Amino acid sequence: MTYSAVPDRYETLPYRRTGSSGLVLPAVSFGLWQKFGTDYAYETQREIILHAFDLGISHFDNADRYGPPHRAAQETFGRVLTTDLAPYRDELILSTKAGNPIGPSPYLTGGSRKSILTSLDHSLRDLGTDYVDIFYHHSPDVQTPLEESVGALVSAVQQGKALYVGISNYLPDRAHAAAELLREAGVPLLIHQTRYSIYDRRPEQNGLLETADQDGFGVIVYSPLAQGLLTDKYLDAIPDGARAQNSTFLSPEVIDDTYRRRTTELNKLAESRGQSLAQLALQWVLRRGEVTSALIGASSTAQLDHNLQALTFPPLTDEELALIDEHGVHGTGLKL
Ligand SMILES: NC(=O)c1ccc[n+]([C@@H]2O[C@H](COP(=O)([O-])OP(=O)(O)OC[C@H]3O[C@@H](n4cnc5c(N)ncnc54)[C@H](OP(=O)(O)O)[C@@H]3O)[C@@H](O)[C@H]2O)c1
């Protein structure tokens, strides 16, 4: 059926400025890391992507690595772009990333100019677009001079293949050094993509959020629901089809008694606020002004609807934040 976006799609979801740039992003963005490869039904994937856009989520995050197999999630998005979203391309912020391994070749991994720019060309073909809005180096590569990786990002912009550049998973010192190099090259660092949630406190512990503030780049936080651990879904058992059952990135072993005890307490707190734990967890990451957007995944349109309601609740009080600190212990359920 021909898709037509709902007219009031910009009326509810707030947009937030990305660092000191001119670009605003939706407070919640959508990523295609899991369940957008060839192992799931295309019609469901399409429905979720289009529903996200109808809810005001204009930013879709991808990477050459996402699948399975690698690159398949970009092909899925490219198919939806061609059939449904092409008329809205100007309203979309598409991102992709290069540098995490996607094959045995030394040119399909790392931070060399060869790897980064080759990956970008493949991604543009997969996505079926001439440019991406944000192009990231996916992970730091200490074997490659930072100048080389950063230089490749600058070239992507100069070649018209990316509008903005980002980095992901860089520690604060390296992020600061990258920001300086990019500033000197006239291509300011737009954004840093990092994991952050009630169960992963590293960005606030290692100073990344302060570095972002000082250097003027935005922060988009991935896995704000700790891949689903910060919902009520695993409190009793692992439901059929859940990520802990079918993904190599979330082991069922992390769902132990300690996890259940802490998550039960957080769930009680959420209930006392009249919301779900997923909604509380999203509100929690967005309480920080340095955070531009919470980058979520979803395996159904119902999850999207539910999660976006997070933005309708009153802010967390100091007392509630203290309770979250007590039960939301860093490292719970995560391989750090
Ligand atoms: N830069 C990087 O290195 C990096 C690394 C990881 C991710 N990312 C990006 O971040 C994006 C989001 O990561 P993520 O998927 O881990 O984020 P997440 O939002 O923490 O987890 C999403 C998953 O939680 C479950 N879920 C969501 N809402 C739920 C609800 N209301 N009730 C119950 N379960 C719910 C769903 O899994 P199930 O229903 O399948 O159980 C969903 O796929 C990725 O797609 C990718 O774009 C980047």
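The numbers here are math on the coordinates, done by the rules we state, and not lab data. Everything numeric in this text was worked out from a predicted model, so none of it was measured. Cβ sites come from the backbone with ideal geometry, for glycine too, and all protein chains shown count toward neighbours.
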> What's the number of the condition Asn246 fails, among (1) near the ligand (Cβ under 8 Å from one of its atoms); (2) over 23 Å from the mean Cα position of the chain (by Cα); (3) not aromatic (Phe, Trp, Tyr)?
Replying inline: (2)
> How about segment 279-318: which of its residues are within 10 Å of the ligand (Cβ to nearest atom), of a type in the set (Ser, Thr, Tyr) and more than 16 Å from the chain's Cα centre (by Cα)?
Replying inline: Ser300
> So which residues in segment 31-72 are assigned to a loop (DSSP other than H, G, I, E, B), of a type in the set (Lys, Arg) and without any contact (Cβ under 8 Å) to a residue 60 or more places away in the chain?
Replying inline: Arg71
> How many residues, within segment 183-199, are among the small types (Gly, Ala, Ser) and surrounded by 24 or more Cβ atoms within 10 Å (Cβ to Cβ)?
Replying inline: 1
> Which of the residues belonging to segment 136-183 are under 21 Å from Gln74 (Cα atoms), touching a helix residue (DSSP H, G or I) at 6+ places or on another chain (Cβ under 6 Å) and within 13 Å of the ligand (Cβ to nearest atom)?
Replying inline: His137, Ile167
> Within segment 279-301, which residues are part of a helix (DSSP H, G or I), closer than 16 Å to Tyr222 by Cβ and out of contact with any Leu (no Cβ under 6 Å at 6 or more places or on another chain)?
Replying inline: Leu282, Trp284, Val285, Leu286
> If you take the residues in segment 97-122 that are over 20 Å from Asn169 (Cα atoms) and not in a loop (DSSP other than H, G, I, E, B), which one is nearest to the ligand (Cβ to nearest atom)?
Replying inline: His122
> Going through segment 230-243 one residue at a time, which ones are buried (at least 20 other Cβ atoms within 10 Å of the Cβ) and more than 8 Å from the ligand (Cβ to nearest atom)?
Replying inline: Tyr234
> Taking segment 135-161 on its own, how many of its residues are touching a strand residue (DSSP E or B) at 6+ places or on another chain (Cβ under 9 Å), outside any helix (DSSP H, G or I) and surrounded by fewer than 24 Cβ atoms within 10 Å (Cβ to Cβ)?
Replying inline: 3
> When residues of segment 249-278 are filtered for being more than 13 Å from the ligand (Cβ to nearest atom), within 23 Å of Ala310 (Cα to Cα) and not in a helix (DSSP H, G or I), how many remain?
Replying inline: 2
>> Can you find, within segment 75-96, the residue that is nearest to the ligand (Cβ to nearest atom) among those that are part of a helix (DSSP H, G or I) and within 14 Å of Asp133 (Cβ to Cβ)?
In response: Phe77
>> Checking Val165 against (1) over 22 Å from His327 (Cβ atoms); (2) surrounded by fewer than 22 Cβ atoms within 10 Å (Cβ to Cβ): exactly one of these is not met. Which one?
In response: (2)
> In segment 176-202, how many are under 18 Å from Val285 (Cβ atoms) and assigned to a helix (DSSP H, G or I)?
Replying inline: 1
>> Pull out all pairs, ordered by first then second residue, where Cβ-Cβ is under 9 Å, the residues are six or more apart or on different chains, the first lies in segment 217-245 and is closer than 12 Å to Leu334 by Cα, and the second is of a type in the set (Asp, Glu).
In response: Ser223/Asp200; Ala226/Asp200
>> Out of Gly99, Gly111, Gly78, I need the residue that is in contact (Cβ under 8 Å) with a residue 24 or more places away in the chain and surrounded by fewer than 22 Cβ atoms within 10 Å (Cβ to Cβ). Which one?
In response: Gly78
>> Condition first: more than 16 Å from the ligand (Cβ to nearest atom) and assigned to a loop (DSSP other than H, G, I, E, B). Now tell me which residues in segment 207-229 satisfy that.
In response: Gly207, Gly216
